[in-house]
Amino acid sequence: MARTAYVTDLKGLQGECSANYLRLIRLLGDLGAGETRELELTGQRGRFGTLWLSVLERAPYTTIARVSQSSLMDGVIEPPRMRVHLYHDVRMAEVTDFQRERHFNGRYRYPNVRMFQPDEKLQLNRFLGEWLAHGLEHGHPTNLTELPG
């Protein structure tokens with residue numbers, strides 16, 4: 001059976017980045033550089049973690065944000081964290097760092113030394129989208145101002 005090369009799903013990646021931009025704009029609101037919003041995550045069985053949204057830098061055309069989460073499992077597994085660049089002129093948000101890895105390519109040969117999936121960049125941006133959607137649905141602000149509309 002012949003193996004076909006992975007072709008980058010550019011439309012899918014752009015769609016994810018556009019949707020994530022809208023989610024982050026809603027969650028970050030008017031936070032300035034150096035400010036953090038804390039969202040307590042709750043469900044039917046009570047509190048299960050905290051989503052942290054921090055603005056690291058804010059400029060007219062870009063914002064750099066950190067998204068992280070803490071939970072009861074922090075002593076057992078490393079909590080997830082991402083650095084995300086928001087590009088205001090094209091209304092897109094892109095994951096640029098995940099855990100300790102930086103600058104992801106649009107496509108990887110597989111297998112590779114780091115064991116990245118061929119579509120690693122798309123998967124990271126999808127994960128961010130699911131994470132932010134979860135925060136919008138289950139997050140309750142515990143500091144600063146309420147989430148905007």
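The values are calculated or read from the model by the stated rules, or taken from the named source; none is laboratory data. Small disclaimer: the values here were computed from a predicted structure and weren't measured. For neighbour counting, all protein chains shown are included, and Cβ atoms are generated from backbone atoms with ideal geometry for every residue, glycine included. These accessible areas exclude ligands, DNA and RNA; they are computed on the full protein's heavy atoms, side chains included. Shrake-Rupley method; radii C 1.70, N 1.55, O 1.52, S 1.80 Å.
Against the list (1) out of contact with any helix residue (DSSP H, G or I) (no Cβ under 8 Å at 6 or more places or on another chain); (2) modelled with pLDDT of 85 or more, the condition residue 94 fails is (1). Checking 19, 59, 65, 93 one by one, the residue that is over 12 Å from the mean Cα position of the chain (by Cα) and either of a type outside the set (D, E, K, R) or surrounded by 15 or more Cβ atoms within 10 Å (Cβ to Cβ) (or both) is 59 and no other.
In the stretch 54-94, what residues are assigned to a strand (DSSP E or B) and either in contact (Cβ under 8 Å) with a residue 60 or more places away in the chain or in contact with a Cys (Cβ under 9 Å, 6 or more places away or on another chain) (or both)?
Within the stretch 54-94, 67, 69, 84, 86, 87, 92, 93, 94 meet the criteria.
Among the residues here, residue 37 does not qualify as open to solvent by 70 Å² or more (accessible area, probe 1.4 Å), closer than 13 Å to residue 135 by Cα, among the charged types (D, E, K, R) and in a strand (DSSP E or B).
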